[in-house]
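As structure tokens, the structure follows; a few thoughts come after it.
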Amino acid sequence: MFKENLNLSLDFFRMKSPRLIGVDISSSSVKMVELSMTGKRNQAYCIERYAIEPMPVDAMLDGGIVNLEAVGECLQRGWKRMGTRQKNVALALPVTDVITKKIIVPAGQREEDLAFQVENEASQYIPFPLDEIDLDFQVVKPAPDSLEEVEVLIAASRKEKVEDRVAAALSAGLKAIVMDVESYAAQAAFELTLGQLPEGGKNQVIALVDVGATVMKINVFHNGEPVYTRDQPFGGNQLTQEIGNQFNLSLEESEVAKRSGNLPDNYKTDVLQPFCETLAIEVMRAIQFFYTSTQYTDVNYIFIAGGCAVIPGLKEIIASRTQVSTFVVNPFSHMELSSRIVSRQLNSDAPSLLIACGLALRSFDPS
């Protein structure tokens with residue numbers, strides 16, 4: 001079924017390559033991560049190399065590619081900076097570009113029969129003709145209430161959304177093997193960090209707050225299952241714009257100054273501190289929306305990701321506002337580092353690499 005619809009040599013879920021570079025294409029930058037598996041320390045992961053390449057302004061809009069050439073050139077620069085020979089990549093689509101649904105079906109079906117059932121199910125809720133979408137599915141786990149049934153996750157996206165990312169990779173000399181969903185990739189990497197919590201966060205409600213350039217993405221988990229998702233229009237670009245307003249700089253100059261830290265002495269008190277307070281208020285609002293939208297009344301832990309996560313003092317401000325223990329995400333904290341990795345720099349970059357890390361983990365996915 002979907003093998004015929006899916007003209008490209010990739011799937012949302014299935015693996016076809018022994019080693020992949022995880023590539024996160026966002027509005028502000030391209031993040032790339034390459035992992036390996038080492039026999040040391042009970043087959044631990046090792047981060048071999050990574051790169052963060054700034055994205056040209058206006059190359060992306062609302063998660064979509066609007067300047068294919070600019071994005072392709074950015075990918076190529078990032079790949080060259082990594083210094084790798086690997087050219088197979090795992091990409092991801094924003095949640096807004098993907099329709100997902102979980103269904104319960106009888107266990108033990110042949111794949112052809114399951115594919116037929118998935119196509120029938122998809123035609124009922126996907127508001128596009130099936131020949132205009134790329135569709136895939138994966139058996140997730142046994143059904144919670146029946147040993148004779150299984151839970152199947154369906155993912156579908158408009159063909160042009162998939163093809164744009166594949167074409168950008170191809171123009172950079174790279175081959176897209178896997179197409180994932182950003183939220184699933186982030187969750188895969190995020191789960192690596194839960195070992196720092198008592199009992200790995202079992203029976204706890206944990207919020208992951210990823211502050212991007214334009215959007216703050218909130219995902220709440222309970223026992224490894226996503227129970228709430230929300231996007232809020234707030235991100236690091238607000239800080240960039242305020243830098244420009246305060247110090248009479250262009251957006252490009254403001255972004256460079258923000259990354260380099262080359263700003264006047266009053267930057268921290270007049271610009272950065274108010275931004276952090278506003279960000280914390282946005283997180284608090286998101287938590288309140290979570291309470292009013294679900295049966296949950298508590299969040300036990302907050303983890304922050306994205307480029308803003310490493311702002312000194314931010315996690316303390318969020319913890320104070322929300323009265324919830326707050327941590328900065330680092331999916332590499334228990335990984336081995338290759339000789340090419342500078343530990344101090346990785347600690348600073350790690351919160352921005354969550355999705356790219358999750359995509360790189362697909363190299364070890366047996367499904």
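The values are calculated or read from the model by the stated rules, or taken from the named source; none is laboratory data. Please read these numbers as outputs of a predicted model, since none were measured by experiment. Note: ideal-geometry Cβ built from the backbone for every residue, glycine included; neighbour counts use all protein chains shown.
The table for this structure:
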{"item": "Neighbours by Cβ (under 6 Å, 6+ apart or cross-chain): first from segment 241-263, free of Cβ contacts under 8 Å to residues at least 60 places away in the same chain; second part of a loop (DSSP other than H, G, I, E, B)", "result": "ALA257/LEU263"}
{"item": "Lone qualifier among ALA280, ALA185, ALA257 - being at negative phi and touching a Gly at 6+ places or on another chain (Cβ under 8 Å)", "result": "ALA185"}
{"item": "Hits in segment 147-188 - residues which are at pLDDT below 90 and touching an Asp or Glu at 6+ places or on another chain (Cβ under 6 Å)", "result": "ALA155"}
{"item": "Search result, residues across segment 195-238 that are among the charged types (D, E, K, R), surrounded by fewer than 22 Cβ atoms within 10 Å (Cβ to Cβ) and in contact (Cβ under 8 Å) with a residue 60 or more places away in the chain", "result": "ARG230, ASP231"}
{"item": "Segment 239-280, subset over 23 Å from ASP349 (Cα atoms) and buried (at least 17 other Cβ atoms within 10 Å of the Cβ), residue nearest to the chain's Cα centre (by Cα)", "result": "GLY244"}
{"item": "Qualifying residue in segment 135-146 (condition: of a type in the set (Val, Ile, Thr), modelled with pLDDT under 90, surrounded by fewer than 23 Cβ atoms within 10 Å (Cβ to Cβ) and in contact with a Lys or Arg (Cβ under 6 Å, 6 or more places away or on another chain))", "result": "no"}
{"item": "Sole exception among (1) in contact with a helix residue (DSSP H, G or I) (Cβ under 9 Å, 6 or more places away or on another chain); (2) within 29 Å of GLN187 (Cα to Cα); (3) in contact (Cβ under 8 Å) with a residue 60 or more places away in the chain for ILE281, by number", "result": "(3)"}
{"item": "Tally, over segment 143-168, of residues that are of a type in the set (Asp, Glu), touching a Leu at 6+ places or on another chain (Cβ under 9 Å) and not in a helix (DSSP H, G or I)", "result": "0"}
{"item": "Residue in segment 121-133 that is more than 24 Å from ASP365 (Cβ to Cβ), in contact with an Asp or Glu (Cβ under 9 Å, 6 or more places away or on another chain), among the charged types (D, E, K, R) and not in a loop (DSSP other than H, G, I, E, B) present", "result": "yes"}
{"item": "Qualifying residue in segment 267-282 (condition: assigned to a loop (DSSP other than H, G, I, E, B) and closer than 27 Å to CYS357 by Cβ)", "result": "no"}
{"item": "Flag if VAL118 is farther than 17 Å from ILE21 by Cβ, more than 21 Å from the chain's Cα centre (by Cα) and in contact (Cβ under 8 Å) with a residue 60 or more places away in the chain", "result": "yes"}
{"item": "Residue count, segment 169-180 (criterion: surrounded by 22 or more Cβ atoms within 10 Å (Cβ to Cβ) and in a strand (DSSP E or B))", "result": "5"}
{"item": "Residue in segment 109-134 that is modelled with the highest pLDDT, counting only those that are of a type in the set (A, V, I, L, M) and closer than 19 Å to LEU93 by Cβ", "result": "ILE133"}
{"item": "Evaluation of THR193 against (1) among the polar types (S, T, N, Q); (2) under 18 Å from TYR296 (Cβ atoms); (3) in a helix (DSSP H, G or I) (one fails), failing number", "result": "(2)"}
